[in-house]
Structures are given as C-alpha cells and as structure tokens.
1. For region 55-72, enumerate the residues that are under 14 Å from Glu22 (Cα atoms) and loosely packed, with under 13 Cβ neighbours inside 10 Å.
2. Could you grab me the full set of residues in region 35-50 that are surrounded by fewer than 18 Cβ atoms within 10 Å (Cβ to Cβ), under 15 Å from Ser9 (Cβ atoms) and under 25 Å from the mean Cα position of the chain (by Cα)?
3. Hey, can you tell me all the residues within region 89-110 that are outside any loop (DSSP other than H, G, I, E, B) and either more than 19 Å from the chain's Cα centre (by Cα) or more than 21 Å from Leu138 (Cα to Cα) (or both)?
4. Within region 13-34, take every residue that is within 22 Å of the chain's Cα centre (by Cα) and not in a helix (DSSP H, G or I) and give me the one that is farthest from Glu69 (Cα to Cα).
5. In this structure, does Leu104 turn out to be surrounded by 12 or more Cβ atoms within 10 Å (Cβ to Cβ) and more than 23 Å from Arg88 (Cβ to Cβ)?
Amino acid sequence: MVSDSERGSGPRLIALLKLIAERGQAFSLKDLAERAALPSSTVHRLLKTLVEAGMIERGERQSYRPGRELFRMAALLRAQFDLIETARPFLDRLWSEWDETSVLCIYNPSRRNASVVEVIHTTHPLRYAMEIGAEIGLAWGSLGKAILA
C-alpha cells in the first residue's frame, strides 16, 4: 500500500515495484491498484512506464507480470550481494548479548539441509564448535529447527 508520504511518480513507482516483486506472479491492473491503494488510472500510467522500460510485460487477458529487465537487474544485484557481510552485524549483536555461538546457515532445498557459512564461537570453554562449510541436517537440534522456522 502506498502511504500518504509517497506522493509523486517516483515513490509511487518504487512502491509498485515492491508490490510486484513481493507477488512474483501475474497480476491485473485492478489487483495492483487495490493493493497499492491508488486509482486505476494512476497505476495504469505507471505500468505503462514500466512496460516501456521492459520492467513489466503484458500477459494474457489484460494481465501483467515481472519483465525480463526486472529479472536481469535483480540477478545483477544478487550477484553483488554479500550475505555474510550483511548478516555479520546481526551475528555480532546476538553474540555480544548472549555470549553463545552465533551461526549463519544457508538452506539447500535440493539436499534438504543447510550449509554453515559464518560462525562466531562462544567464549565458554565447553562448547560445540561449528565449522564453516559444514552441512547439517534440519532435524539436528535447535539450529535445524530455527532454519525450518
């Protein structure tokens, strides 16, 4: 939904792109206008701009869907995204508040397990040491349950 503070084409366009990305599938003009709480005429004008840029494509029966250019841009950004660097402040905060081992895992859906990609170990002498690169089953203790959550 577009808030009152998001006036003007730029903020509205960004809000529509967020809604489209969150939906990730075909949508109608009416559906998008309702979710954005904007008049259909405004959404139509903004969608026209996105279609011309290749960010959105026309689908069947007056529907729209994310376009190739939007996927291309997302792929370029994803390739530059450093997950560990982004997660590090959260791991540091967890570790500093609880002095327990903080672990960042990436879920592997094809193998139905997780890979440890970052660890900050507790200072307690009695601990379970996690190794970066280790693969763990999701039924494995509280860590597996947290990944499933």
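1. Phe71
2. Applying the first criterion (surrounded by fewer than 18 Cβ atoms within 10 Å (Cβ to Cβ)) to region 35-50 yields 37, 39-42, 44-45, 48-49.
Remaining after also requiring under 15 Å from Ser9 (Cβ atoms): 39, 41-42, 44-45, 48-49.
Within region 35-50, just Thr49 meets the criteria.
3. Our first condition is that a residue be outside any loop (DSSP other than H, G, I, E, B); within region 89-110, this holds for 89-98, 102-108.
Answer for region 89-110, where residues must be outside any loop (DSSP other than H, G, I, E, B) and either more than 19 Å from the chain's Cα centre (by Cα) or more than 21 Å from Leu138 (Cα to Cα) (or both): Pro89, Phe90, Asp92, Arg93, Leu94, Trp95, Ser96, Glu97, Trp98, Ser102, Val103.
4. In this case the residue turns out to be Phe27.
5. So Leu104 fails the test.
Every residue, every condition in (1) surrounded by 12 or more Cβ atoms within 10 Å (Cβ to Cβ); (2) over 19 Å from the mean Cα position of the chain (by Cα); (3) on the phi > 0 side of the Ramachandran plot; (4) at pLDDT 90 or above, yes or no:
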residue	(1), (2), (3), (4)
Ala74	yes, no, no, yes
Ala79	no, no, no, yes
Ala87	yes, no, no, yes
Arg112	no, yes, yes, no
Val116	yes, yes, no, yes
Ile120	yes, yes, no, yes
Gly141	no, yes, yes, no
Gly144	yes, yes, no, no
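The values are calculated or read from the model by the stated rules, or taken from the named source; none is laboratory data. Just so it is clear, the model here is predicted, and its values are computed rather than measured. Here the Cβ is made from the backbone with ideal geometry for all residues, glycine too, and neighbour counts use every protein chain on show.
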